[in-house]
Amino acid sequence: MYPSRFNYEAPTTLDEAIAILSANDDAKVLAGGQSLIPMMKLRFANPATLVDINNIPGLDTHGADADGSYRIGALCRHAHLEKSTTLADHQPLLASCAPLVADPIVRTRGTFVGSVCHADPQGDWASCMVALNGSITAVGPTGSRSIPVKEFVSGPFTTVLAKDEIATEAVIPPATGTRFGSYLKLERRVGDFATAGVAVALDMTGQTVNAAGIGLTGVGAQTVDAADAAAALTGSSLESNVIEHVANLAAEAATPRSDHRGSAAYKKHVVATFVARILENAKRSELQVA
Amino acid sequence: MTSLFEEVPVSIDNDIPTTRVEVTVNGERRAAEIEPRLLLAHLLRNGFKLTGTHTGCDTTNCGACTVLLDGEPVKSCTVFAVQANGHEVTTVEGLASSEQLHPIQEGFKDEHGLQCGFCTPGMMLSAVALLNENNDPTEDEVRWALSGNLCRCTGYQNIVKAVLWAGAKMRGEQ
Amino acid sequence: MALDEVKIGGLGSSRKRVEDNRFIRGRGNYVDDVVLPGMLYMEILRSPLAHAKIKSIDTSAAYAIPGMRMVMTGEMMAARNLAWMPTLSYDTQAVLATDKVRFQGQEVCAVIADDPYIARDGVEAIVVDYEPLPPIVNPEQAKAPDAPLIRDDKVGQNDNVVFDWEVGDREGTDRAFAEADKISTISMHYPRSHPSPIEPCGSIADYDRSTSKLTVYMTTQAPHIIRAAVSLVAEIPEHMIRIISPDLGGGFGNKVPVYPGYVMSILASILLEKPVKWIEDKTGNLISTGFGRDVYLKGEMALRNDGKILGVRMHTDSDHGAFFSDAQPSKFKIGLMHSAFACYDVPTAHLTAQGVYTNKAPGGVAYRCSFRVTEAMYFQERMVQAAADDLGMDQAEFRRINLVKDDDFPKRTPFGFLTDSGQYEKCLQIGLDAIGYDDFKQQQEEARKRGRLLGIGISTMTEPLGAGNSREYDILGIKMFDSAELRVHMTGKAILRTGAKTQGQGHETTWAQIVAHELGIPAEDIIVEEGDTDTAPFGMGTYASRSTPVAGAAVSMVSRKIRAKARKIAAHLLEVSDEDIEWELGRFYVRGAQDRGVTIQECAMAAYSNVPDGMEPGLENNAYYDPPNLTWPFACYIATVEVDPETGVWDVLRLVAVDDCGVRINPMIVEGQIMGGLTEAYAMANMQFITFDEDGNCVGSNYMDYLLPTAWETPGFELHEVVTPCPHHPIGAKGIGECATVGGPAAFVNAVMNAVSHLGVRNIDMPLLPDRVYEAVQTGNDISGMPPVKTDS
């Protein structure tokens, strides 16, 4: 309940924040804090310095670029994304995931980018990023770089960010056609971590899938990229046999543990079930749109 | 108003840095000299003696500590007090004016939306945040908005009725 | 000219609650809200291991922290004879571990500092050296011949058995089974669950050396029991102890036992000469305080082919954790488990019960259980469901055949209780009509053809509430009466104090309604106080739904004593003799001349200004009520569900509840109690559990793992009522607070089982989490025991 002591810095510019991170060995960035602060209260995390970036302007916007990319700033809260019509118009997968992250109160504070940087294998947004082939923009003392999300996580709760780099935004690349997709999460109650979560992103022209991505939550040591399953969707028209095949491939890609949320076999089965349901639903929506 | 007779520590340990925070709580500017690790819930309860905000768990689940930070509901046990510096906080004590109760308070009393009262402040503030955005919610929307606040006594059904009652009052319908 | 009873807030009035006025303003006064000058803060170091010897404790780093005041160890407590304390079940419990720890989370050190942050720093700085011992995590292990001895501290304890107990007619039951056409057998586990009120436990102990008086603010549902226990343990005279239980953020039985933290805070205050506040965190609450249930059942029913139950046999194994610490009537080792089958006409029954120690937190009797009636009724209704299915009979029909009929009272239950009234069949029928039973069964059949799994589950029961009569009921030898004290002031306003302790049940509102009913004083003119042992008359506290039956009866009786004195005053004022006085609500009048009368308020004024010769002035009295019997509320709960066969997730379509709790003092509050109870029933059926891995590590010691339903999962409830006044209660009321928690879980579980039984599944142990339901659906096998806790390494 009571965290250890730490030094607190509240920079007002990005440069200032990066300088503090460079100068301190054991420093963590504090954005929403809805994952970090609970860990600090249980003393599972005891950073010597917290760098609060909430006072840095310009990090809280999201929207589509002219080229169709979608950018989400580091301080965009889950709740703002949940209520955004812009997001709903452009990113159906993200819009369907937003209400399922944590609970409504945590969502007013927690951030999309922070969640991805937390690198929890049970993080919902990370699966969406994988499905959408997104990237994280990291800014450090020498400039900025773009890190594809599939290379971003190096282990549970560990990313490839250097100690003096700050993630400033998430970027979703443009689609060639129309976006479909959604997120399904089996949680025992609101706020529980996923027993299994499935993010499916489809880029379709007419009834044909141009590209697809599938990310899985809670069924591996980190977010699972069901690449083979996604590849099997490309060029298809979401035929029933394709859906069944893709669902099975996705289940095979999952490497869940048996625990008190269920056996590994059960979780794989939920993955397959959810993939099929999302694809069936996409097929119905697509036919409605057409 | 300053206090003329508060005791201060005999010696300040310079290895333990403190910082001054100023927070506008229920419309009133208030200040404290605190360590960064102090949780906002504890600043409100122990520093500012506003004990209506309660703490009920240690894993950010129960929502009994919910307050409004710049109008949005947050779990004050998962925000450091320093982060509220320069911001506005509304607690349950700020709901009623000197003349009358907030519709949500009237609704909770009218519809028996509370029993032990422990989750009630947090529950009401989450409801107020909802009603400020949408004062005519469906039952599902109410249940969804309150799904970050746990209650053990009521079974939620009367809480939902209380929120709908308050919405009707805010719309001028009762 | 009599007052309108509902208008003045008497019986049947759904008057708004008095206590709400402060709660909605955030002006409640919970233990953690209390601040005393100079107050220090206490945190507890808990054992990470389930069973281990303590080799050494190094507190030096803690003492180096600025702001640290004291670290208490078991050794320090032992030097003052305080390392062990008696429990409410004639056992002993460690206050701070000395020789070894016996469950994960057990208290090892107490750290007292200037603020709780520093105290926690101190806890983290202490180094304890443990030598692990093999842990025992279930009754089977506890009873194994080579099992390690958990209670090697107890002289004469040679195994891990707490008790062996039996009740009923062994021979008669054996004969019934020999004659049966069919025997239905089912085994199940009622999982360990925790009451988990949102407010955890805590205390502020303040020993004042100048007065030698100890004041303790405490989260307790039973302040007078605590005063007695503290007096015994701390060896402070009873009159020099004041226990104040202020507002409580829920109890549900979690706040009845005497917890080590209370004792530690008391000793710390005595040693440091300052008030010491201890507020546990939720983990401490879940991992160490009084849990509920954790009982295994083997149930058998002897049946005739036409559906008549001939006999019932039950064997229970209960897991009590490391200490037998429950508050329960001392005569009944497994609580009121033998209240099972009270609503059915069963000729003979036999129950054997064994309790064991394990390396887990102590407890078992808690969580809105009515002294284990939750287990009794769950087992009963699951056995009934299995029996009906085994006979191929409709669930409602099977119950109809066996329910006690309205004109069969008074009735001896199969295990020897005496029920006095009921309308069980009417209750069942209202439920069946409300849910549309026959229509649903048809829907269910058609849905099944399309691969959809619908199910309907019934739970019917009557339960004994209101412990209890002095012949049979006591805790540590203290009888389970309760009390009320009423003083009427000169202007006719009044103050009422009782020995009960509300935790959200609304006593400040409802007790005043009883007085209004008896005396015609408007309820708003009566202030109600509970919880301060310096002022409240002695009571055994509020749990097991005993307050309306016992304390409420005392309120009625004391009001009648007041009325009897007021009557004499009235006769004096009206200048007639006593026999010529009649009463109507709020007023005495002369027989034959109704307009010649005096109000109760005029009598009150006269009590201070104009009493008849020879009468003492004043208008006050008290009553101590020893209930002649328990009360017997009854209920029928029916749930309909749909199960998703692909994920095992099940949703409640409807929940119909029909409750009889006799006369309803405040219908709004009664319904609130029922809905709260149904939610806890749903929670247990759907998601709550505490389990342990083979090393004794506890899963379910925080709100991430111990799942409570939110407003989103919790279904809506449709409430109906039957009213059969209790024949012996002064106002015909019965207990109600726990009925829905007692009867509810079986409705949900029976519904899910009904949805999947055609696949061959007979039982899924609670909680019916999605993966468990899915396994059952896929394999057709029963799912027994707790959720698995396996980690890949």
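The values are calculated or read from the model by the stated rules, or taken from the named source; none is laboratory data. Worth saying up front: this structure is predicted, and the values here are computed from it rather than measured. Cβ: placed from backbone, ideal geometry, glycine included. Neighbour counts: every protein chain shown. We work out accessible area using only protein heavy atoms, side chains counted, and drop any ligands, DNA or RNA first. Shrake-Rupley method; radii C 1.70, N 1.55, O 1.52, S 1.80 Å.
Annotations for the structure displayed:
- When the surface is traced with a 1.4 Å probe over the full set of protein chains, residue C:167 keeps roughly 30 Å² accessible.
- Look at the alpha carbon pairs under 8 Å that are at least 6 residues apart: their mean separation over the length of the stretch B:3-94 gives a relative contact order of 33 percent.
- Degrees separating the helix A:264-289 axis from the principal Cα axis of chain A, which is the longest one: 70 degrees
- Here the protein assembly as shown has 49 percent of its accessible surface on carbon and sulfur atoms, given a 1.4 Å probe and all protein chains in place.
- In the stretch B:95-116, burial by the other protein chains removes 20 Å² or more of accessible area from B:101, B:105, B:109, B:110, B:112, B:114, B:115, B:116, compared with the chain on its own (1.4 Å probe, ligands and nucleic acids ignored).
- In the stretch C:643-657, burial by the other protein chains removes 50 Å² or more of accessible area from C:646, C:647, compared with the chain on its own (1.4 Å probe, ligands and nucleic acids ignored).
- Neighbourhood charge, 10 Å Cβ-Cβ cut-off, centred on residue C:271 and excluding it, Lys, Arg +1 and Asp, Glu -1: +2
- For the stretch C:257-300, the Cβ-based charge dipole about the Cα centre amounts to some 60 debye (Lys, Arg positive; Asp, Glu negative; other atoms uncharged).
- Helix-only arithmetic for the protein assembly as shown: the sum of -39500 (n - 2.57) across DSSP H runs with n ≥ 4, divided by the residue total, places the mean residue ellipticity at 222 nm at -8500 deg cm²/dmol.
- Under 23 Å from residue C:143, Cα to Cα: lysines that are on another chain or at least 8 residues apart: C:53, C:100, C:154, C:298, C:333, C:360
- Base-10 log of normalised Debye intensity for chain B (one unit scatterer per alpha-carbon) at q = 0.14, 0.16 Å⁻¹: -0.74, -0.92
- The phi torsions of the stretch A:92-101, fed into the Karplus equation with coefficients 6.51, -1.76 and 1.60 and a -60° offset, translate into couplings of x, 5, 5, 5, 7, 7, 3, x, 9, 7 Hz, rounded to whole numbers, with Gly and Pro shown as x.
- Protein accessible surface hidden between B and C, which excludes ligands and nucleic acids, total in Å², probe 1.4 Å: 4300 Å²
- Per-peptide average of other Cβ atoms within 10 Å, ordering C:562-572, B:54-64, A:187-197 highest first: B:54-64, A:187-197, C:562-572
- With 5 Å bins beginning at zero, the pair-distance distribution over Cα atoms of the stretch B:103-170 amounts to 4, 21, 36, 27, 10, 1 %.
- In this simple spin-label model, placing a label point 7 Å from the Cα along the Cα-to-Cβ direction at both residue C:239 and residue C:99 gives a separation of 4.0 nm.
- Solvent-accessible surface of the stretch B:3-94, averaged per residue with a 1.4 angstrom probe and all protein chains in place: 43 square angstrom.
- Taking B:43, B:101, B:146 in turn, the Gaussian network model of chain B (Cα-Cα springs below 10 Å) assigns the largest fluctuation to B:101.
- Sequence ranges C:484-490, C:88-94, C:471-477, ranked by mean other-Cβ count within 10 angstrom, highest first: C:484-490, C:88-94, C:471-477
- Counts of other chain beta carbons within 10 angstrom of each beta carbon in peptide A:92-105 average 4.
- The A-B contact accounts for approximately 2800 Å² of buried accessible area, totalled over both chains at a 1.4 Å probe radius.
- Theoretical FRET efficiency, 1/(1+(r/R0)^6), r = Cβ-Cβ of residue A:89 and residue C:75, R0 51 Å, to 0.05: 0.15
- Dividing the mean sequence gap of close Cα pairs (under 8 Å, 6+ apart) by how many residues chain C holds gives a relative contact order of 16 percent.
- Spatially proximal lysines relative to residue C:426 (Cα-Cα < 20 Å; intrachain offsets below 8 disregarded): C:308, C:405, C:411, C:734
- Within the listed set A:137, A:61, A:13, the residue fluctuating most in the Gaussian network model of chain A (springs between alpha-carbon atoms under 10 angstrom) is A:13.
- Look at the stretch B:155-163: the mean tally of other chain Cβ atoms within 10 Å of its residues' Cβ atoms is 6.
- Ranked by the mean number of other Cβ atoms within 10 Å per residue, highest first, peptides C:109-121, B:84-96 order as C:109-121, B:84-96.
- Evaluating 6.51 cos²θ - 1.76 cosθ + 1.60 at θ = phi - 60° for every residue in the stretch C:47-62, the Karplus couplings come out as 6, x, 10, 7, 8, 6, 7, 8, 8, 7, 10, 10, 9, 4, 5, 5 Hz, glycine and proline recorded as x.
- The stretch B:93-123 and the stretch B:11-84: distance between their alpha carbon centers, rounded to Å: 22 Å
- Contact residues in the stretch A:238-286 by the 40 Å² criterion (accessible area, 1.4 Å probe, full protein complex versus chain alone): A:257, A:258, A:260, A:266, A:269, A:277.
- Solvent-accessible area per residue, Å², over the stretch B:103-170 with all protein chains present [probe radius 1.4 Å]: 25 Å²
- Note on C:247-257: average number of Cβ atoms from other chains within 10 Å of each residue's Cβ is 3.
- Aspartates and glutamates with Cα under 12 Å of residue C:16, excluding same-chain neighbours fewer than 8 positions away: B:106, B:110, B:111, C:508, C:524
- Radius ratio Rg over Rh of chain C, counting only Cα atoms, Kirkwood formula for Rh: 0.99
- For the stretch B:103-170, with +1 on Lys and Arg beta carbons and -1 on Asp and Glu, the positive-most of B:145, B:122, B:166 along the dipole: B:122
- Kirkwood radius, the stretch B:3-94, all distinct C-alpha pairs, inverse of mean reciprocal distance: 13.7 Å.
- Scaled against the 2.2 N^0.38 Å expected of a compact globular protein of N residues, the Cα radius of gyration of the protein assembly as shown reads 0.95.
- Accessible surface, per residue, of chain C when the full set of protein chains is kept, probe 1.4 Å, Å²: 32 Å²
- Restricting the calculation to Cα atoms, chain A yields a radius of gyration followed by a Dmax of 18.9, 59 Å.
- From phi via Karplus (6.51, -1.76, 1.60), per-residue ³J(HN,Hα) for the stretch C:27-34 in Hz, x at Gly/Pro: 10, x, 10, 8, 3, 5, 7, 7
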